[in-house]
Amino acid sequence: MVRFSLLMLVAAGAYAADSGVDIDTAANLYQAGQVRAQVEASLGAMPAHVRQLFAADGSSTLSEEQLAAVTAAAQRGFRIDVFEPPALSALAANFDPASVKKSQAFLESDPGRRMVAADVAAAQLDEATIDKVMAGSLAAPSTPERDALMDKLERASQYTESTVQIFLTMGQAVATGTATGSGMDSIAVTERARKSGEASRAGLQQNMREPLRRYMEYGYRDLSNADLKHLLAFFGSPAGKRYTAAYIAAMSAGFDAMGRRCGEQLGESLRELAQAQMPLEGGADASPGEAPALQPPPHP
């Protein structure tokens, strides 16, 4: 159950001590979950989202030339070839042979295959449809029993918490990369970004829980209640928790890498623009300023 909107964050480090499988094994699970299709579906919109976040930052006003640099940096950073190497390495490092076997069996079961197909279809929805779903104007039919199952599945999968976490992680990565690329103190910038993210975490989770639950419910609209019970049983099991932790570690590593690449490209571009437009006496470097603290866009 891995998609851009369901990056289910739990404490992956808690499972790291006795873990580790080879890359080929990890790649098989990655393929079984159709992770590439789900991640690629999210990447096309990233340049526009990142540009929007920079444009809306009240602490500084960027020119059109600078915003164009933001878009170009996001296009170079948010790419599947940047995502996959660290993601697969983290996936391999955080799994164990027993959990791999049980996870593979789940993904190859009928409910597992239906889950993966639903995840891919949800990730590929157009933005207008996602907006309607998350606003509640387009909803899947439901019953009290199904509502209860979806509530339990949302909690078991850390649906909301993970989505918020991945954006905060990505935002910190962009800020750190921008500082590195522009020659600023990346350690200080990273710490400020981390503190900003932690301060906003609880509010973001509260605000996003219901819209994301609607999105999850709509994505699984064709799964039966029996299917949902199979999903809930797996994600509540030790193997399911290990599966969740391993894939979250992979998603975090991949999006961190893309965010840093984007930030580094952006920092270099903004620094070059600042030096060209405002040369300082004595050869001092012109500072382009820090990247804004990224927050989740209105939909995945």
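Residue by residue, here is whether (1) among the aliphatic types (A, V, I, L, M); (2) within 26 Å of residue 241 (Cα to Cα) holds:
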{"position": "134", "(1), (2)": "yes, no"}
{"position": "148", "(1), (2)": "yes, yes"}
{"position": "160", "(1), (2)": "no, yes"}
{"position": "180", "(1), (2)": "no, no"}
{"position": "183", "(1), (2)": "no, no"}
{"position": "198", "(1), (2)": "no, yes"}
Requested in this report: With respect to residue 196, determine if the residue is polar (S, T, N, Q), farther than 18 Å from residue 117 by Cα and buried (at least 19 other Cβ atoms within 10 Å of the Cβ).
Outcome: no
Requested in this report: Please go through region 129-153 and pick out each residue that is more than 20 Å from residue 207 (Cα to Cα) and β-branched (Val, Ile, Thr).
Outcome: 143
Query raised in the report: What number of residues within region 220-240 satisfy the criterion of being modelled with pLDDT of 95 or more, surrounded by 14 or more Cβ atoms within 10 Å (Cβ to Cβ) and part of a helix (DSSP H, G or I)?
Result: 7
**Report entry** region 142-162 - residue that is within 24 Å of the chain's Cα centre (by Cα) and among the polar types (S, T, N, Q) and, of those, surrounded by the most Cβ atoms within 10 Å (Cβ to Cβ)
**Finding:** 160
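Take residue 76 and decide whether it is among the charged types (D, E, K, R), touching a residue at least 24 places away in the same chain (Cβ under 8 Å) and within 28 Å of residue 215 (Cα to Cα).
No; evaluated as a whole, the condition is false for this residue.
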Requested in this report: Identify the single condition in (1) at pLDDT below 80; (2) part of a helix (DSSP H, G or I) that residue 134 does not satisfy, given that it satisfies every other one.
Outcome: (1)
Report summary line: In the set 173, 139, 193, the lone residue that is of a type in the set (A, V, I, L, M, F, W, C), in contact with an Asp or Glu (Cβ under 9 Å, 6 or more places away or on another chain) and part of a loop (DSSP other than H, G, I, E, B) is 139
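Can you pull out the residues in region 37-96 that are β-branched (Val, Ile, Thr) and either in a helix (DSSP H, G or I) or buried (at least 17 other Cβ atoms within 10 Å of the Cβ) (or both)?
First, pick out the residues of region 37-96 that are β-branched (Val, Ile, Thr): 39, 50, 61, 70-71, 80, 82.
Scanning region 37-96 gives 39, 50, 70, 71, 80, 82.
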Requested in this report: With the condition kept exactly as written, say whether any residue in region 126-136 is of a type outside the set (Phe, Trp, Tyr), in contact with a helix residue (DSSP H, G or I) (Cβ under 9 Å, 6 or more places away or on another chain), farther than 30 Å from residue 174 by Cβ and surrounded by fewer than 18 Cβ atoms within 10 Å (Cβ to Cβ).
Outcome: yes
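The values are calculated or read from the model by the stated rules, or taken from the named source; none is laboratory data. Just so it is clear, the model here is predicted, and its values are computed rather than measured. Note: ideal-geometry Cβ built from the backbone for every residue, glycine included; neighbour counts use all protein chains shown.
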